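*Asks:* I have a structure here, written as structure tokens, and I will follow up with some questions on it.
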Amino acid sequence: MQIRRLNTLRAIAALIVLVGHYSNRAQLWDAVLSTRAPQLGVMLFFLLSAFLMSVLYIDRAPTAQAMRGYGLARFGRVVPLYVAVVLASYALGKVGIPWIAESVYDIPDAKSLTSHLAFMYGVQVLWTIPAEIHFYVVFAVLWWLRPRLRWAIPLSCAAVLAVYASGHWPLGPKQPVMGFPVDLPVLRGLPYFVAGMAIGMLYLRWQPPARWRHHGFVAALGLVLLLYPAILERLTGWTYVMWFNPMILVVMSLAFFCLVFLVPDGNPLLEHRVGDHLGNISYSLYLLHFPILLAMEKVGLAKGAGGLLLFLAITISASSLTYRFFEFPMRTRIRTFAQRPPPG
């Protein structure tokens, strides 16, 4: 199933993260586009991921072959580039050249490396990848349970959202275990994954009448902009904690619902070649942008709006190359295994 506008939504999520991190490091426009704002892009990524998995898989029979294909597809989508970035960061951090070591993800020792490769911890923006992997496992379990326990998914979604709304959502472990850094970042993102699943299941079973749909609903993107902490605080004086405020989840889910359900097909702002390309390379954009930004900062190029344009140009170029020559070929090669019958 192809929902073309999801490409542009991925691109928007990635650009929220990129521009927010640049604004924070360079103090662009008094950092109005940063200060926790990149987390809004991550929230959108989580909604998108769970929505798409639900649309693609939830109505399929969870046979061994189908689950094998699911696992290989998810592995190929996320793991190869993540592992390459983690290993490169660890290796470059050991070269003894300060500006190089300070321009990669901070993975200082073997225990930190092990925790990253075991998806138990992620430094800086890498924390989201273990969260994504953990949710893949949760989704596989719920998918397997569905024909055996019909209400497993609705009850699980209701329980997660109820606890989250109650204000008693757990934070997860924060202390190392035997010197290995450990986190359970899936707890931070699980309400967003669950909301994405619910919207995905609704998409499979209901479509709004044609008279409800209008291109004007693309203005729902403005709801995301209004959630930027610096903007919201200046407008209302209200401060909030990003990941533990149910209102943020409600507004993000409402914006996502409007863009997916209520904007007609062919909307020029959501369906175009630029959005397709940036959406395709969004994972590379997400993983590569932070080291590129650190390197630019070290050489004094992360300054002003001109620096932002240079940062975006370098990151998009590097991500396009990475996608073409590594990410997409590795993903395709791994997915071919899903098409082969299992041994025996």
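The values are calculated or read from the model by the stated rules, or taken from the named source; none is laboratory data. The structure displayed is predicted, hence computed values, not measured ones. Positions of Cβ are generated from backbone atoms using ideal geometry, with glycine treated the same way; all protein chains shown enter the neighbour counts. All accessible areas refer to the heavy atoms of the entire protein, side chains included, with ligands and DNA or RNA removed. Shrake-Rupley method; radii C 1.70, N 1.55, O 1.52, S 1.80 Å.
*Asks:* Can you give the extra length, in nm with one decimal, that the chain gains between D106 and A219 once fully stretched, where that is 0.36 nm per residue apart less the Cα-Cα distance?
*Replies:* 36.8 nm is the gain from fully extending D106 to A219.
*Asks:* Kindly write out, for segment 228-245 in residue order, the coupling ³J(HN,Hα) from the Karplus curve 6.51 cos²θ - 1.76 cosθ + 1.60 (θ = phi - 60°), rounded to whole Hz, with x marking Gly and Pro.
*Replies:* Karplus values, whole Hz, x for Gly and Pro: 3, x, 5, 6, 4, 5, 6, 7, 10, x, 9, 10, 7, 9, 3, 7, 10, 10.
*Asks:* On average, how much accessible surface per residue is there in segment 70-190, in Å², for a 1.4 Å probe, leaving out ligands, DNA and RNA?
*Replies:* 49 Å²
*Asks:* Within 9 Å, Cβ to Cβ, of N7, how many net charges do the neighbouring residues add up to if Lys/Arg are +1 and Asp/Glu are -1?
*Replies:* That sum, taken over residues with Cβ under 9 Å, equals +1.
*Asks:* Counting each DSSP H run of 4 or more residues in the chain as -39500 (n - 2.57), what helix-only mean residue ellipticity at 222 nm follows after dividing by all residues, to the nearest 500 deg cm²/dmol?
*Replies:* -20500 deg cm²/dmol
*Asks:* Would you work out the charge dipole size for the chain about its Cα centre, treating the Cβ of every Lys and Arg as +1 and the Cβ of every Asp and Glu as -1, and quote it to the nearest 20 debye?
*Replies:* It comes to approximately 940 debye.
*Asks:* Compare F119, F135, F325 in a GNM of the chain, Cα atoms joined below 10 Å, and give the one with the largest fluctuation.
*Replies:* F325
*Asks:* Continuing with the same structure: R0 = 30 Å: FRET efficiency of H272 with L235, Cβ-based, nearest 0.05?
*Replies:* With R0 = 30 Å, the Cβ-Cβ based efficiency is 0.45.
*Asks:* Give the Debye-formula value of log10 I(q)/I(0) at each listed q (0.20 Å⁻¹), with one equal scatterer per alpha carbon of segment 51-149, two decimals each.
*Replies:* Calculated log10 I(q)/I(0) at the listed q: -0.94.
*Asks:* At a Förster radius of 41 Å, what calculated FRET efficiency corresponds to the Cβ-Cβ distance of L202 and V95, to the nearest 0.05?
*Replies:* Working: r = 50 Å, r/R0 = 1.23.
That pair, L202 with V95, gives E of 0.20.
*Asks:* Next question, about the same structure. Considering the chain as a Gaussian network with a 10 Å cut-off on Cα pairs, which listed residue, G41, G179, G196, attains the greatest mean-square fluctuation?
*Replies:* Of the options given, G179 has the highest mean-square fluctuation.
*Asks:* Determine the share of segment 120-213's accessible area contributed by carbon and sulfur atoms, expressed in whole percent, with a 1.4 angstrom probe.
*Replies:* Details: 3380 of 4820 Å².
Whole-percent figure for carbon plus sulfur exposure: 70.
*Asks:* Which ³J(HN,Hα) values, rounded to whole Hz and listed in residue order, are derived for segment 181-198 from phi using the Karplus coefficients 6.51, -1.76 and 1.60 in 6.51 cos²θ - 1.76 cosθ + 1.60 with θ = phi - 60°, glycine and proline given as x?
*Replies:* Each residue's phi maps through the Karplus curve to give x, 9, 9, 10, x, 4, 5, 5, x, 4, x, 6, 4, 5, 4, x, 4, 4 Hz.
*Asks:* If r is the Cβ-Cβ distance from A152 to K303 and R0 is 51 Å, what FRET efficiency results, to the nearest 0.05?
*Replies:* About 0.45, to the nearest 0.05.
*Asks:* Per residue, how big is the convex hull of the chain when only Cα atoms are used? Give it in Å³. Could you put the intermediate results ahead of the total?
*Replies:* Working: hull volume 56.3 nm³, N = 344.
So the per-residue hull volume is 164 Å³.
*Asks:* Show me, for segment 56-64, the HN-Hα J-couplings you get by feeding each phi into the Karplus relation (A = 6.51, B = -1.76, C = 1.60, θ = phi - 60°), rounded to Hz, glycine and proline as x.
*Replies:* Coupling constants for segment 56-64: 7, 10, 5, 8, 7, 5, x, 6, 4 Hz.
*Asks:* Give the distance, in whole Å, between the Cα centre of segment 40-100 and the Cα centre of segment 130-160.
*Replies:* After rounding, the separation between the Cα centres reads 18 Å.
*Asks:* Report the Stokes-Einstein translational diffusion coefficient (µm² s⁻¹, integer) for segment 127-206, Rh taken as the Kirkwood radius over Cα pairs, at 4 °C with viscosity 1.567 mPa s.
*Replies:* 93 µm²/s
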